[in-house]
Amino acid sequence: MSDLPKPEDTIQQQNLAEDQIDDDQLTELIWSLVDETIDEKQMAQLEDLLKHDPQAREIYIRCMALHADLHTIFDRNASDSKMANVLAQVPTAPPAPAPQFDSVPDEGSPIGT
């Protein structure tokens, strides 16, 4: 077995080097995807970067985590008011009566005597 790279791998790596973009351009592509404004050419470029560049994948994961966190925070505020509306419609039972004891033991006496 030879450890030499295949010619097609070498060509692919050369193409990747030519197509490298900086982190700002990458995040712009990612946010375009999130905002659903990405075009086909940009989508192909992003897919290629994510397929071949571990650093691009790490940036993508961080952006998606941020997006998910923001979505959770802002949806929670919207959900709180929805939940309040739902809870307002749920009938509530009267509170259970407090347990009644026949007598309370004296402070110095052991319980049960």
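The values are calculated or read from the model by the stated rules, or taken from the named source; none is laboratory data. Note that this is a predicted model, so its numbers are computed, not measured. A quick note on method: Cβ atoms are made from the backbone with ideal geometry, for glycine too, and the neighbour counts reach across all protein chains shown.
Restricting 12, 20 to residues that are surrounded by 10 or more Cβ atoms within 10 Å (Cβ to Cβ) and either part of a helix (DSSP H, G or I) or modelled with pLDDT of 85 or more (or both) narrows the list to 12.
Pairing each residue of the stretch 35-54 that is without any contact (Cβ under 8 Å) to a residue 60 or more places away in the chain with any residue that is among the β-branched types (Val, Ile, Thr) and surrounded by 10 or more Cβ atoms within 10 Å (Cβ to Cβ), provided the two are 6+ apart or on different chains, yields no C-beta distance under 6 Å.
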